[in-house]
Amino acid sequence: MTQEFYPFKDIEAKWRKRWEEMGLFKMQQDSPKKKYYCLMMFPYPSAALHVGHGRNYIIGDSVVRYKIMRGYNVLSPMGFDAFGLPAENAAIKNGIHPEISTLNNIKTMRRQFDSWGAGYDWDREVVSCLPEYYKWTQWIFLQLYKKGLAYKKKASVNWCPSCQTVLANEQVIDGECERCSSQVTLRDLEQWFFKITEYSQRLLDDLQLLENWPERVKLMQKNWIGRSQGVEIDFKVKDSDIILRCFTTRVDTIYGVTYMVISNEHPAIPELIKDAPDKKEIEKFVEETRKENAADRIGADIEKRGVFTGKFVINPVNNKAVPLWIGNYVVIEYGTGAVMAVPAHDQRDFEFAKKYGLGIEVVIDNPKDPLDAEKMKEAYIEEGVMVNSGKFNGIPSLETIEKIADFMEEEKIGKREVHYKLRDWLISRQRYWGAPIPMIYCDKCGIQPVDEKDLPVILPKNIKFKPHGESPLKNAPEFVKVKCPKCGGGARREIDTMDTFVDSSWYFLRYLSPKEDKKPFNKELVNKWLPVDQYIGGVEHAILHLLYSRFIVKVLYDMGYIGFKEPFAKLFTQGMITKNGIKMSKSRENVVSSDGLIEKYGADTVRLYTLFISPPEKDAEWSDRGVEGAWRFLNRVWRLMEDSHQPSAISRQLDEKGSDLKRKTHATIKKVTEDMEGTFHFNTAISAIMELVNETYDYIGLKPEACGPELREAIQTVVILLAPFVPHVAEEMWQKLGNKESVFNAEWPMYDKNALSQNTIEFPIQINGKLRSKIEAPSAAGEDEIKKLVLKDQIVIKWLEGRTPKRIIIVKGKLVNLVV
RNA sequence: GGGCGAGUGGUGGAAUGGCAUACACGAUGGACUUAAAAUCCAUUGGCUGCAAGGUCGUGAGGGUUCGACUCCCUCCUCGCCCACCA
């Protein structure tokens, strides 16, 4: 024995240099090989990465290396999502310019990627905070503006008092800012929006194209888009010209309407109550509950309250007049802000009606237990049979939804309509560290877009960072002052910057021509390489980033800039790594740094453990003990290389033990290949390799002096199958086995079906479903032969106690069950 | 409140209708060593038994089946996403 542990430090340095020299991770421009675009979500540059971050890149790198070995022309780029609040907040705190800290962090991260052995085509790096990149983010804004998909409006928006900025709905979690957890309040401000709602239906429909996305993610997007189909119905306000339109998905309950309730933000309120005797009180209610809307939006449970307007509305199906209320439980943004209330069949309406003594009218009866409006304790929301519904009485309620909708459309008193929960994407931020929105305000010409040839609108560097509710850019006169692109007169620039989700919704196009300065991306190249074959990232991006990217790609497709409708063909979302049961974070002081572990055990050990810890889509708890296990395993494999175990080259007949080892070798190839092609279950792939190593040792132990060529095959297979997971040590061992080329130029092994077959099979024997015995039978044996063998078995005879089995079930190649 | 997912040894997990607990961690005992580390060997779900074995066992209860961790129904617990969406 030469050394106690394998010399990982030398090995890892050596092979990293070699891969660099051979350009292992460089995409080949004109290669006949099939393309494979493997993309990891580009990270926000943060100072210290931990093993939880590492998981993403280790998974991705293993896939990349596997695909290289399978003979693909692989594109594996990396970049940085470099704009954003944390760098700016840090600048406010310690005075270091965001650009400096960000670029520093990028350097550190590149070193850490390298230390994990994660390989990228670094010539293609994109950094979203650099003008050569954000120039084209601004260009994308202008394209959306041109198409009428970027617009400005005054809106009641989520405001984070701590970050001093507006947040998108998606960035408000339980009423708190997703970044700093401050309570979010509401403010009315002029904001830029992207009209993503124009794409609601297509974003929903095209989910069907994404066969290789996790169902869970597709479902989350579907729910977020929130399509609901229903009917819009106009209710006339009695003794007035006002018409209130409401939306319902339960038009079958229309005859059960006993009142109508509108949002406290409904625009018709002033007109409706102008002559009301208790106008003051109504106004007071409206004002009070409007304030609560902010609290409501943050998820607090607010008691349902309402006030009678003094007006009545006419139900168009039966001309009944029902009272009109203003309520705090109607959301102005959804539907029409007015709801027809059916207390008998909607729980919210039921509670409200009980509280204010409003009528309850049953129109869908429970066939098993007829309802009595007086005695109901809660709304009846199941299906049933129509009652009190004019000509629809007696029909099952499910059928009447369509029938009543038809009837209302014929009578022109209602119209089928579709509503979505998806809101337009608010993209302006009152912050410095982002791409400036390329718009100009001229007193004469109004809002003007910056001319495309004047891009980029450079973010000035000399700036004061104190936040005060407006973009810090306001205090940079040399930035703000500009000439109007239309009339040439004095004008001022937009001082808001863009949401960083805009930066990240197109970066995957930029990797194909990162240095191109005439256009954002090369149409021919992106059409060749996109959609991305495999996208890998955290499930926390299941809604925002993935939805926005899909939207931008569809817009670019519609404008003819690209030829594909969806950016990511296949998506893999990996789970979190936890420590003490919770997500690793600096503030919780449970971070496991990868640097120390790599110093102690080397990158391959950290990689192996990370992949072995659990199925990669699941969350997993980090264990330092487990790392040691991975370390021991690699050393155990390393020792297989020792001279004393080198097999003799003399070829001879395969004996039984030798063919067992050969079978295991080929079964392992099969298993690992299937895991890599299917589920990415690296944990079971690695277990299978461990089993092969164990069997190889058993084989050597049995006949150390007479090992056949199947030993060499086994060892060579172990090394090549391990290569995607533990690339450095695999390379070194590959070389030690006498191979001249890199293991990544070697062909991935194919399993031999013949090697998997065996002469005899062991059949477990169950009696009444319980395992009682086992027999050996020739694998070619027919049912009769197996039956005979089973009935001769001593243990079977003992259990049968002289009885004859009623049935004998033989599952081919698997087991035998006797029913007594 | 709605939707989705999960629940298996002391621990991470394996098995998706056919031998439950592969593989690994941990633990216990042993070999080697002056000693330790490393390595190697053995044992390791519960109960019962000297043993062979028996018996129970995949959150709980029921069902389908020759056979259920796996499929169906009811319930419990945890996690994630959405949430006054009409």
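Miscellaneous remarks
- Subset of the stretch A:757-782 [surrounded by fewer than 15 Cβ atoms within 10 Å (Cβ to Cβ) and closer than 24 Å to A:T668 by Cα]: A:S757, A:Q758, A:N759, A:T760, A:E762, A:P764, A:E776, A:P778, A:S779, A:A780
- Residue within the stretch A:586-593 that is part of a helix (DSSP H, G or I), within 14 Å of RNA strand B (Cβ to nearest atom) and in contact (Cβ under 8 Å) with a residue 40 or more places away in the chain present: no
- Inside the stretch A:99-131, residues that are in a helix (DSSP H, G or I), in contact with a Pro (Cβ under 9 Å, 6 or more places away or on another chain) and over 30 Å from A:W15 (Cα atoms) make up a count of 2.
- Meeting the requirement of 3 or more residues that are of a type in the set (A, V, I, L, M), the helices (runs of 4 or more DSSP H) wholly within the stretch A:181-298 are A:215-225, A:279-297.
- Lone unmet requirement of (1) more than 9 Å from RNA strand B (Cβ to nearest atom); (2) at pLDDT below 90 for A:Q347: (1)
- Within the stretch A:783-795, the set of residues being closer than 13 Å to A:K814 by Cα and loosely packed, with under 13 Cβ neighbours inside 10 Å comprises A:E783 only.
- From the list A:G490, A:G434, A:G446, A:G469, the lone residue that is surrounded by fewer than 18 Cβ atoms within 10 Å (Cβ to Cβ), more than 16 Å from RNA strand B (Cβ to nearest atom) and either under 32 Å from the mean Cα position of the chain (by Cα) or at pLDDT below 90 (or both) is A:G469.
- Flag for A:D372 being touching a strand residue (DSSP E or B) at 6+ places or on another chain (Cβ under 9 Å), more than 10 Å from RNA strand B (Cβ to nearest atom), not hydrophobic (A, V, I, L, M, F, W, C) and not in a helix (DSSP H, G or I): no
- Check on A:Y134, part of a helix (DSSP H, G or I) and touching a strand residue (DSSP E or B) at 6+ places or on another chain (Cβ under 9 Å): yes
- Residue match in the stretch A:265-287 (condition: open to solvent by less than 10 Å² (accessible area, probe 1.4 Å) and farther than 11 Å from A:T309 by Cβ): no
- Residues of the stretch A:384-398 satisfying the condition of being surrounded by 18 or more Cβ atoms within 10 Å (Cβ to Cβ) and in contact with a Phe, Trp or Tyr (Cβ under 7 Å, 6 or more places away or on another chain): A:M386, A:S389
- Single residue of A:E713, A:E695 found to be open to solvent by 10 Å² or more (accessible area, probe 1.4 Å), within 15 Å of RNA strand B (Cβ to nearest atom), part of a helix (DSSP H, G or I) and closer than 26 Å to A:R70 by Cβ: A:E695
- A:L324 open to solvent by less than 10 Å² (accessible area, probe 1.4 Å), in contact (Cβ under 8 Å) with a residue 60 or more places away in the chain and either over 29 Å from A:S156 (Cα atoms) or of a type in the set (A, V, I, L, M) (or both): yes
- Any chance A:D406 is more than 30 Å from A:L422 (Cβ to Cβ), without any contact (Cβ under 8 Å) to a residue 60 or more places away in the chain and away from RNA strand B (no atom under 16 Å from the Cβ): no
- Single residue of the stretch A:293-330 satisfying the filter (of a type in the set (G, A, S) and modelled with pLDDT of 90 or more) that is nearest to RNA strand B (Cβ to nearest atom): A:G327
- Qualifying residue in the stretch A:670-678 (condition: over 22 Å from A:I58 (Cβ atoms) and at pLDDT 90 or above): yes
- Test set (1) open to solvent by 10 Å² or more (accessible area, probe 1.4 Å); (2) at pLDDT below 95 - A:Y557 fails condition number: (2)
- Residues of the stretch A:735-756 satisfying the condition of being open to solvent by less than 20 Å² (accessible area, probe 1.4 Å) and aromatic (F, W, Y): A:F744, A:W748
- Close contacts from the stretch A:808-820, counting a first residue that is within 12 Å of A:G769 (Cβ to Cβ) and of a type in the set (A, V, I, L, M, F, W, C) and a second that is open to solvent by 50 Å² or more (accessible area, probe 1.4 Å) and more than 8 Å from RNA strand B (Cβ to nearest atom), with Cβ to Cβ under 6 Å and a gap of 6+ residues or different chains, come to A:V819/A:K806; A:V820/A:R803.
- Residues (within 14 Å of RNA strand B (Cβ to nearest atom), among the aliphatic types (A, V, I, L, M) and exposed (fewer than 14 other Cβ atoms within 10 Å of the Cβ)) located in the stretch A:187-233: A:L219
- Tally, over the stretch A:399-431, of residues that are within 30 Å of A:Y134 (Cβ to Cβ), of a type in the set (A, V, I, L, M) and open to solvent by less than 10 Å² (accessible area, probe 1.4 Å): 2
- Search result, residues across the stretch A:493-551 that are among the polar types (S, T, N, Q) and either in a helix (DSSP H, G or I) or touching a helix residue (DSSP H, G or I) at 6+ places or on another chain (Cβ under 7 Å) (or both): A:T500, A:S504, A:S505, A:S513, A:N527, A:Q534, A:S549
The values are calculated or read from the model by the stated rules, or taken from the named source; none is laboratory data. Treat the numbers as computed from the prediction; the structure is a model and nothing was measured. For neighbour counting, all protein chains shown are included, and Cβ atoms are generated from backbone atoms with ideal geometry for every residue, glycine included. Quick note on the areas: whole protein, heavy atoms, side chains included, nothing else; ligands and nucleic acids left out. Shrake-Rupley method; radii C 1.70, N 1.55, O 1.52, S 1.80 Å.
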